[in-house]
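These notes are about the structure you will find just below.
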Amino acid sequence: MAATLSQPAPGRLRVQRGDEVREFDLGELVLSPRLGRLSRQLRLPDGGQLEIADSPLLDAWLPAPSRVEAIADWLERRRSMMLGAAAVLVAGVVGFFQVGLPWMANQLAPVIPPAMERSISRQALALLDNTHLRPSQLPAARRDELRTKFHALARGLPRADGLRLDFRDAPSLGPNAFALPDGQVVMTDQLVSLVLDDDELMAVLAHEAGHHEHRHGMRRGLESSAAVVVIGFLFGDLSGTGSLSVSIPTLLINSGFSRRHEREADEFAFALLPRHGISPEAFARVMARLSGDEGHSPAGPIGYLSTHPPSDERIEAARRAAEKE
Ligand SMILES: [Zn+2]
């Protein structure tokens with residue numbers, strides 16, 4: 001019900017609501033400060049509250065705190081609440097990137113159609129072929145020999161069907177190997193030249209097969225793409241997202257595997273190799289050889305290819321696995 005305010009005498013305020021008329025001392029009343037276009041609240045001594053349209057008369061009758069004081073007071077009372085809300089928001093965003101995105105990618109990767117995997121992989125490899133890779137210089141017979149050994153190694157794996165091995169000359173990248181989401185594994189001529197025996201190459205390929213079995217490539221690509229979209233929304237700039245089918249190959253190349261993915265692929269290799277009479281020691285040897293390979297900077301412009309950092313930790317893990325045999 002609407003009420004009418006009036007001033008019957010200095011220091012008094014009359015509130016008339018229908019037939020009901022009440023009078024108050026101004027000292028008993030509290031008027032909320034003027035804040036933007038919010039309507040103002042007049043608190044009555046009995047706890048009642050009137051919502052009133054703003055009017056210059058109010059300032060004349062009821063001197064309110066100055067605007068600056070009012071806002072400072074408002075902020076003061078809400079500061080802890082706002083800090084709390086900001087902390088919850090930050091924790092939520094961090095948690096989303098660390099847990100939510102990997103979880104989503106994990107759920108989504110297995111249902112990506114093979115045709116899309118192939119298309120993404122083809123585009124990623126085409127990008128690399130245009131920039132860092134050249135046709136392999138290895139004799140065809142040598143390539144076939146390694147393919148035969150690789151297929152023997154992969155036989156019986158749940159996703160063995162998709163796996164195939166290809167070679168590229170990569171003087172600017174040096175010894176390296178990587179697996180694309182559709183199961184194509186690419187090994188550089190420089191890696192073939194670096195090793196002492198084929199067991200070391202099979203150790204690297206077993207690790208790549210591990211990435212394929214765990215769908216690490218597609219999971220990583222999906223995570224990165226979703227992150228680009230989310231960051232775009234957070235910062236209001238979606239120009240970087242473009243069409244995802246175009247950006248996933250680029251993101252694949254530019255974002256490395258996580259340490260967890262590397263460890264999973266290593267463990268997969270340590271379990272697979274002994275089943276083919278190869279000790280995980282071969283993995284330790286090739287890792288040590290890669291870390292001792294001078295003249296090739298491991299961190300080049302291509303994250304995807306620099307994502308197998310030969311580290312003492314991984315060599316140690318391989319030696320421990322070898323001792324258990
Ligand atoms: Zn890897």
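The values are calculated or read from the model by the stated rules, or taken from the named source; none is laboratory data. Computed from a predicted structure; not experimentally measured. FYI the Cβ positions are ideal-geometry reconstructions off the backbone, even for glycines, and counts take in every protein chain you see.
Residues Phe257, Phe233, Phe268, Phe283: which one is in contact with an Asp or Glu (Cβ under 7 Å, 6 or more places away or on another chain) and at pLDDT 65 or above?
Answer to the check: Phe268.
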query: Does Asp161 count as at pLDDT 90 or above, acidic (Asp, Glu) and more than 18 Å from the chain's Cα centre (by Cα)?
result: no
message: Which of the helices (runs of 4 or more DSSP H) found entirely inside segment 97-183 contain at least 2 residues meeting this: in the same structural domain as Gly217 (by TED's automatic domain parsing) and either without any contact (Cβ under 8 Å) to a residue 60 or more places away in the chain or surrounded by 12 or more Cβ atoms within 10 Å (Cβ to Cβ) (or both)?
response: 114-131, 140-154
